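> I have a structure here, written as structure tokens, and I will follow up with some questions on it.
The values are calculated or read from the model by the stated rules, or taken from the named source; none is laboratory data. These numbers were taken from a predicted model, which means no experiment stands behind them. No Cβ is skipped: glycine too gets one built from the backbone with ideal geometry, and neighbour counts run over all protein chains shown.
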Amino acid sequence: MPFKRTPQKFNAAINAMTLGTGDNAVTIGGASVLPLYSFDGDIGNAPKIGVEISDLGLEGECVGMTEFYAGASTPAEMAAKAEKMPGADFVCLRLEGADPNGHNRSVEECVEIAKAVAGAISLPLVIEGCKNNEKDAELFEKIAAALEGKNVLFLSAKEENHKSVGAAVGLAYAQKVGAESSVDINLAKQLNVLLTQLGVKAENIAMNLGSAAAGYGFEYVASTMDRVKAAALGQNDAMLQMPVITPVASEAWSVKEAMVDEADFPEWGPQEDRGVRMEIATAAACLACGSDAVILKHPRSVATISAMVAALK
Amino acid sequence: MSKFVVIGERIHCISPAIREAMAKRDPAPILKRAKQQLQAGATYLDVNIGPAESDGEELMKWAVTTIQQAFDNVPLCLDTVNRKAIEAGISVYNRSKGKPIVNSADAGERIENIDLAAANDAITIALCQKHGIPADNDERMAYCQEMLERGMMLGMEPTDLWFDPLFLVIKGMQDKQLDCLEAIKMFTDMGLNTTGGLSNVSNGMPKDIRPIMDSAMVAMAMANGLSSAIANPCDLRLMETIKSCDVIRNNVLYADSYLSI
């Protein structure tokens with residue numbers, strides 16, 4: 001009997017979400033098939049890649065990064081270079097320095113940085129906070145106001161601060177809200193329910209389902225993303241049809257394989273190569289599981305993942 | 001693993017308000033009940049126009065377009081013994097949100113409603129009865145086979161026949177309840193969809209008892225695989241039970257707010 005290929009069709013789709021405005025706007029999501037299953041049907045918009053820069057500059061970065069950003073001394077100057085990185089679809093400003101337990105940069109200062117970065121680029125902008133819930137809520141409100149009309153995505157609203165972030169970012173200033181749940185599928189759905197009950201439109205929400213560097217519990221990330229896509233497409237669950245955006249750089253570059261010095265582990269080879277490999281492996285795995293966008297930082301990772309996306313779309 | 005389908009039963013010409021609205025072509029009372037049921041969580045709405053011998057075709061067309069236009073093409077279950085009226089309803093039906101359901105075919109006089117569903121790419125409820133109430137599950141399964149074969153011969157997907165085991169009233173037929181549950185299990189094991197008039201079981205019971213009995217029945221039936229019911233979605237206890245059972249069956253992903261969505 002000849003083989004008959006049966007495409008897996010769903011009567012549902014992931015929401016398409018546009019970031020930025022005008023000619024350089026970028027749209028993520030829109031798939032009505034499982035991740036990258038272009039042989040089954042419409043994968044919507046091919047996965048997009050964000051390039052992450054930090055308000056702390058290049059502190060502790062490897063040579064490949066310092067060379068790429070050579071001559072850039074401010075976040076705005078870095079952003080201008082980041083958007084020119086081959087493969088970049090959007091720029092992500094991570095406001096690490098705002099952390100009250102770290103540099104504790106003031107909200108006003110962060111707003112100025114965000115405005116300068118937004119002014120220096122034409123690609124869409126994503127703002128990542130410092131992971132302190134109260135500070136992020138304050139930061140996001142002020143930055144959302146300062147960048148009104150630029151259609152910026154904020155990462156992220158969490159269970160603890162979703163009300164203030166949702167109300168400011170999503171309702172008052174009509175920006176895009178990232179809903180962050182750390183590899184907790186029930187919470188992922190719950191946050192979307194809470195944000196929509198607050199009045200944020202489902203199409204203005206993206207999910208950051210959390211991640212882990214490859215080898216550090218990634219199987220939980222994989223099963224979470226699988227279940228989310230199965231519910232979104234197979235069960236037409238509107239509360240899980242938001243596109244998924246995954247910050248990969250911060251995870252991949254903070255594990256032992258990416259951090260330890262070559263002098264301590266000579267058999268592992270150069271540190272920078274290891275970091276890039278971790279970043280590529282994690283990003284590729286996230287895209288295969290269902291991320292509609294990943295956020296990376298190393299030029300080699302961005303180039304590699306961009307080539308992968310181009311080959312698969 | 002798909003979500004339980006509640007077919008809201010409250011647009012029924014047995015209700016004086018609805019009967020009058022249908023006679024006068026007054027949309028307001030019908031749309032009001034449609035809205036209540038959809039807000040309460042109904043997926044499909046049953047539209048029962050009675051036998052409507054004189055003006056069934058025109059009435060069904062009016063009801064279908066009136067309800068679908070008001071509620072974003074909500075999928076409907078067309079409920080009448082008047083076959084021409086069902087066909088007329090389907091002729092104006094918008095299927096963007098789901099196929100129409102023919103309510104209903106059986107293995108007896110109404111078996112041709114399967115032909116009607118097949119000819120119109122519709123779903124049909126397939127009542128496992130021929131003459132009166134089936135005596136046992138051998139009889140139910142024989143009717144199931146007969147209807148399934150007829151539908152498949154006409155090119156229907158087996159999943160487009162929703163088998164109704166015939167829920168029976170507890171007051172008077174208490175000893176038949178487990179049969180009905182077993183029939184649901186057998187249909188489910190064959191990969192078939194099931195539905196039925198759930199509130200039959202509590203017929204004749206005091207008003208305050210009925211939601212309790214209906215909820216218990218739906219939970220036991222869902223444990224056996226029941227995939228749909230024609231029921232009153234405005235019964236909060238029943239809907240909470242169905243939503244909880246959907247979670248337990250892994251039909252719907254749990255979230256703390258699952259009862260409010």
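> I need the full set of residues from the stretch B:223-250 which are part of a helix (DSSP H, G or I) and in contact with an Asp or Glu (Cβ under 6 Å, 6 or more places away or on another chain), in order please.
B:LEU238, the sole residue that qualifies.
> A follow-up question, please. Could you count how many residues in the stretch B:161-180 are of a type in the set (Gly, Ala, Ser) and either in contact (Cβ under 8 Å) with a residue 40 or more places away in the chain or outside any helix (DSSP H, G or I) (or both)?
0
> Related question: Please state which of the following conditions A:VAL107 fails to meet, knowing it meets all the rest: (1) touching a Leu at 6+ places or on another chain (Cβ under 8 Å); (2) under 30 Å from B:ASP256 (Cα atoms); (3) among the β-branched types (Val, Ile, Thr).
Of everything listed in (1) touching a Leu at 6+ places or on another chain (Cβ under 8 Å); (2) under 30 Å from B:ASP256 (Cα atoms); (3) among the β-branched types (Val, Ile, Thr), A:VAL107 misses just condition (2).
> Restricting to the stretch A:165-192, name every residue that is in a helix (DSSP H, G or I), crowded, with 21+ Cβ neighbours inside 10 Å and within 13 Å of chain B (Cβ to nearest Cβ).
Result: A:ILE185, A:ALA188, A:LYS189, A:GLN190, A:LEU191, A:ASN192.
> Considering every residue within the stretch B:164-172, establish whether at least one is surrounded by fewer than 16 Cβ atoms within 10 Å (Cβ to Cβ), modelled with pLDDT under 95 and more than 30 Å from A:ALA188 (Cβ to Cβ).
The answer is yes, given that some residue of the stretch B:164-172 is surrounded by fewer than 16 Cβ atoms within 10 Å (Cβ to Cβ), modelled with pLDDT under 95 and more than 30 Å from A:ALA188 (Cβ to Cβ).
Residue by residue, here is whether (1) surrounded by 17 or more Cβ atoms within 10 Å (Cβ to Cβ); (2) not acidic (Asp, Glu) holds:
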{"site": "A:LYS4", "(1), (2)": "no, yes"}
{"site": "A:VAL26", "(1), (2)": "yes, yes"}
{"site": "A:GLY29", "(1), (2)": "yes, yes"}
{"site": "A:LEU36", "(1), (2)": "yes, yes"}
{"site": "A:ASP42", "(1), (2)": "no, no"}
{"site": "A:GLU52", "(1), (2)": "yes, no"}
{"site": "A:CYS62", "(1), (2)": "yes, yes"}
{"site": "A:PHE68", "(1), (2)": "yes, yes"}
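> Name the pairs: first residue in the stretch B:235-261 and within 9 Å of chain A (Cβ to nearest Cβ) and closer than 16 Å to A:GLN190 by Cα, second residue of a type in the set (Lys, Arg) and in a loop (DSSP other than H, G, I, E, B), Cβ to Cβ under 6 Å, at least 6 apart or on different chains?
Note: pairs meeting the criteria are B:VAL252/B:LYS3.
Conditions (1) away from chain A (no Cβ under 14 Å); (2) assigned to a strand (DSSP E or B); (3) closer than 23 Å to B:LEU226 by Cα; (4) not hydroxyl-bearing (Ser, Thr, Tyr), marked per residue:
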| position | (1), (2), (3), (4) |
| --- | --- |
| B:LYS3 | no, no, yes, yes |
| B:ILE7 | yes, yes, yes, yes |
| B:MET22 | yes, no, no, yes |
| B:LYS32 | yes, no, no, yes |
| B:LEU38 | yes, no, yes, yes |
| B:ALA42 | yes, no, yes, yes |
| B:GLU53 | yes, no, no, yes |
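> Criterion first (in a loop (DSSP other than H, G, I, E, B) and under 30 Å from A:LEU195 (Cα atoms)) does B:LEU253 satisfy it?
yes
> Based on this model, can you work out whether B:SER199 counts as away from chain A (no Cβ under 14 Å), buried (at least 21 other Cβ atoms within 10 Å of the Cβ) and outside any loop (DSSP other than H, G, I, E, B)?
Yes; evaluated as a whole, the condition is true for this residue.
> Would you check which residues across the stretch B:208-228 are β-branched (Val, Ile, Thr) and crowded, with 19+ Cβ neighbours inside 10 Å and list them?
The one that is β-branched (Val, Ile, Thr) and crowded, with 19+ Cβ neighbours inside 10 Å: B:VAL218.
> Among the numbered conditions (1) on the phi < 0 side of the Ramachandran plot; (2) touching a Pro at 6+ places or on another chain (Cβ under 6 Å); (3) modelled with pLDDT of 95 or more, tell me where A:ASP89 comes up short.
Exception for A:ASP89: condition (2).
> Further, regarding this structure: Do we have B:SER215 as away from chain A (no Cβ under 14 Å) and closer than 30 Å to A:LEU195 by Cβ here?
no
> Which of the residues spanning the stretch A:199-209 are of a type outside the set (Val, Ile, Thr), in contact with a helix residue (DSSP H, G or I) (Cβ under 7 Å, 6 or more places away or on another chain) and either in a loop (DSSP other than H, G, I, E, B) or away from every other protein chain (no Cβ under 14 Å) (or both)?
A:GLY199, A:ASN204, A:LEU209, listed by residue number.
> Given the criterion over 30 Å from B:ALA219 (Cβ atoms) and surrounded by fewer than 21 Cβ atoms within 10 Å (Cβ to Cβ), identify the matching residue among B:ALA21, B:ALA40, B:ALA63, B:ALA70.
Just one listed residue meets the conditions, B:ALA70.
> Criterion first (under 24 Å from B:ALA40 (Cα atoms), buried (at least 19 other Cβ atoms within 10 Å of the Cβ) and within 14 Å of chain A (Cβ to nearest Cβ)) does B:ALA231 satisfy it?
no
> Going by the structure shown, is B:VAL47 out of contact with any Gly (no Cβ under 6 Å at 6 or more places or on another chain), of a type outside the set (Lys, Arg), surrounded by 15 or more Cβ atoms within 10 Å (Cβ to Cβ) and assigned to a loop (DSSP other than H, G, I, E, B)?
Against the criterion (out of contact with any Gly (no Cβ under 6 Å at 6 or more places or on another chain), of a type outside the set (Lys, Arg), surrounded by 15 or more Cβ atoms within 10 Å (Cβ to Cβ) and assigned to a loop (DSSP other than H, G, I, E, B)), B:VAL47 does not qualify.
> Assess whether A:THR196 counts as being within 14 Å of another protein chain (Cβ to nearest Cβ), within 22 Å of A:ILE49 (Cβ to Cβ) and among the polar types (S, T, N, Q).
no
> While we're here: Looking at the stretch A:218-278, what helices (runs of 4 or more DSSP H) fall wholly within it and have at least 1 residues that are within 14 Å of chain B (Cβ to nearest Cβ) and among the hydrophobic types (A, V, I, L, M, F, W, C)?
A:218-229
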